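Encoded as structure tokens, the structure appears first; notes follow it.
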Amino acid sequence: MSGANYELVFARRRKADAAIQISIMDCFVTAFLAKTHATGSTSLSGSLILSGTGLLNLFGERPCAVGSYTRVMKIRSTVRTSSIVCACVVLASCAQSPPLPQTEVVTKTKNYSIVYSVTIEDGKDDTAQASIRVEQQSRRLRELRFTIDPKRHIDFTGDGNISESCGKLVWQPPRKGGTLSYDVRVSQQRQSGGYDALMKEKWALFRAGDVFPPAVARTTVGANSVARLDLDLPEGWSALTPYLSGDSKLSFPVDNPERRFDRPTGWILAGDIGVRRGLIADTRVAIGSPVGEGVHRMDIMAYLNWTLPTLRSVFPTLDSRLIVVSAGDPMWRGGLSGPGSLYVHADRPMISENGTSTMLHELVHVAMGVSGSAHDDWLVEGLAEYYSIKILRETGTLNGRRGTLALADLKKWGDPVDDLFVGRSSGPVTARATTLLAELDAYLIKESRGRRSLDNVVGRMIESKSPYNYRSLCVAAKKIARKPVPLLSPDVVPGAPAEAECMLMR
Ligand SMILES: [Zn+2]
């Protein structure tokens with residue numbers, strides 16, 4: 001079993017699955033790898049490097065490129081790592097999102113607590129201080145392995161052992177816990193010039209997942225995190241996050257029931273801000289923007305009133321809480337979704353002249369709540385684009401003729417595409433995918449005389465917890481149509497692998 005498989009397996013485990021453990025055979029593999037690579041160690045702490053290198057290979061990653069370096073920092077305390085610690089160690093998943101660390105809870109259970117803190121100092125440009133504090137009994141949390149951006153996450157210090165190499169930062173907190181601290185350069189400029197994160201004198205807009213990078217946790221069997229996000233902001237600032245506040249206005253329990261290791265993600269807006277709130281289709285909506293940015297929050301609320309009920313009827317996976325954040329230049333002039341949240345530029349029309357809608361496209365992404373390689377990007381993007389148009393039509397926001405014209409434009413744009421199965425779907429590929437889904441929807445409606453549609457196919461995929469990929473689409477469509485769907489045959493879908501299980505569609 002490769003390391004990549006490990007990650008996949010554990011990432012899919014639910015938090016409730018307490019009995020996850022590495023088999024004896026796997027432990028031997030770990031031990032073997034650790035031992036094998038011990039000779040390659042260069043460093044201050046042989047045992048630490050040995051363990052780290054073993055893990056590196058357990059995850060199937062390549063060793064550092066020539067010229068890269070391995071840095072080991074030993075800060076305030078010393079942790080004596082035993083040579084091989086695999087017998088009762090599990091790997092928790094890398095992460096998405098928000099619970100409440102309390103010493104009492106931690107003592108009575110196998111849980112360990114994590115407090116994620118972000119400090120923004122008054123008048124300080126662009127740099128925030130971040131820290132991760134762990135409280136635990138008997139080394140429940142053995143190690144956190146972060147994928148960092150070395151230009152963005154800098155100056156790591158803390159308790160226990162910290163090592164950094166090839167964009168990975170490994171932190172082994174002390175037995176009873178400790179703190180890892182670092183600086184984060186918040187503002188992030190895209191190649192196109194706009195910013196997808198920005199910190200200014202009076203406000204900051206960023207994704208929590210960029211401040212607290214993705215991590216893989218090694219824990220004892222059955223150990224779960226109880227997490228919280230604390231914001232320490234300048235006087236007079238307030239904040240809007242995808243999480244409900246807990247003990248104080250700037251403290252947010254973070255819990256993702258799908259994961260055993262919680263990490264805050266999603267958009268955060270802090271500063272001198274204005275927020276409009278409402279309850280739409282069982283979803284608590286909050287729309288926020290910095291004061292003076294010219295964001296029409298009530299227009300957005302009205303737009304959500306029109307569209308969210310239909311969106312939720314197709315994608316019941318939409319969370320019960322949604323935040324929409326917006327700001328003007330120099331923020332990026334587009335839209336970006338995150339867990340339970342989305343950003344859209346203040347000048348972005350809610351419906352473009354061609355009948356498409358960035359806002360609704362991003363909302364579909366939020367409702368689908370997917371990311372990662374288990375999904376075919378063309379299908380994820382195609383669904384977001386197709387449903388942004390379909391929902392506008394169904395709600396009467398866009399009349400039938402305009403909806404048809406919007407789809408015709410996309411068909412023309414995507415026609416030359418001969419391969420949907422690209423790593424990242426955009427532009428013509430997404431247009432081609434949208435056309436395929438529109439045709440599939442029309443086919444299902446026609447064949448069932450209006451009784452079934454693509455909505456049922458999406459419902460089927462959600463119900464069976466299938467990833468959004470070609471195979472799942474084929475299987476669900478066949479089930480709903482009660483017969484093979486020729487439109488999804490590999491010789492019709494551009495770039496479809498001939499050996500795909502969708503052969504059954506023939
Ligand atoms: Zn998209």
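The values are calculated or read from the model by the stated rules, or taken from the named source; none is laboratory data. The structure presented is a predicted model; accordingly, all values stated were derived computationally and were not measured. Glycine also receives a Cβ, built like all others from the backbone with ideal geometry; neighbour counts cover every protein chain displayed.
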Residue list for region 338-374, filter: in a loop (DSSP other than H, G, I, E, B), of a type outside the set (A, V, I, L, M), within 15 Å of the ligand (Cβ to nearest atom) and touching a helix residue (DSSP H, G or I) at 6+ places or on another chain (Cβ under 9 Å): PRO339, ARG348, SER352, THR356, SER357, SER371, GLY372
Given (1) of a type outside the set (D, E, K, R); (2) part of a strand (DSSP E or B); (3) under 20 Å from the mean Cα position of the chain (by Cα), index of the condition SER181 fails: (3)
Residues within region 239-261 that are of a type in the set (S, T, N, Q) and closer than 18 Å to TYR343 by Cβ, tallied: 1
Answer from ASP262, ASP347, ASP329, ASP282 - the residue that is among the acidic types (Asp, Glu) and under 30 Å from LEU144 (Cβ atoms): ASP262
Cross-chain or 6+ apart pairs with Cβ under 7 Å, region 415-442 first and more than 16 Å from the ligand (Cβ to nearest atom), then among the acidic types (Asp, Glu) and at pLDDT below 95: PHE421/ASP376
Residue in region 292-300 that is farther than 15 Å from PRO349 by Cα, in contact with a Lys or Arg (Cβ under 8 Å, 6 or more places away or on another chain) and either assigned to a loop (DSSP other than H, G, I, E, B) or not basic (Lys, Arg) (or both) present: no
Some residue of region 182-198 being at pLDDT 95 or above, among the β-branched types (Val, Ile, Thr) and surrounded by fewer than 22 Cβ atoms within 10 Å (Cβ to Cβ): no
Any hit, region 470-480, residues being of a type in the set (D, E, K, R) and modelled with pLDDT of 95 or more: no
Pair list, Cβ < 8 Å and 6+ apart or interchain, from region 377-396 residues that are within 15 Å of LEU420 (Cα to Cα) to residues that are aromatic (Phe, Trp, Tyr) and within 15 Å of the ligand (Cβ to nearest atom): LEU379/TYR468; VAL380/TYR468; LEU383/TYR468
Some residue of region 224-240 being buried (at least 17 other Cβ atoms within 10 Å of the Cβ), under 15 Å from the mean Cα position of the chain (by Cα) and not in a strand (DSSP E or B): no
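Each row is one residue, and each column tells you yes or no for (1) outside the structural domain of TRP306 (by TED's automatic domain parsing); (2) loosely packed, with under 14 Cβ neighbours inside 10 Å; (3) on the phi < 0 side of the Ramachandran plot.
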{"position": "ASN399", "(1), (2), (3)": "no, yes, yes"}
{"position": "SER425", "(1), (2), (3)": "no, no, yes"}
{"position": "ALA431", "(1), (2), (3)": "no, no, yes"}
{"position": "GLY450", "(1), (2), (3)": "no, yes, no"}
{"position": "VAL458", "(1), (2), (3)": "no, no, yes"}
{"position": "ARG482", "(1), (2), (3)": "no, yes, no"}
{"position": "LEU487", "(1), (2), (3)": "no, no, yes"}
{"position": "PRO490", "(1), (2), (3)": "no, no, yes"}
Residue within region 390-404 that is at pLDDT below 95 and within 12 Å of the ligand (Cβ to nearest atom) present: no
Odd one out for THR317, checked against (1) in contact with a Pro (Cβ under 6 Å, 6 or more places away or on another chain); (2) within 26 Å of GLY423 (Cα to Cα); (3) more than 14 Å from the ligand (Cβ to nearest atom): (1)
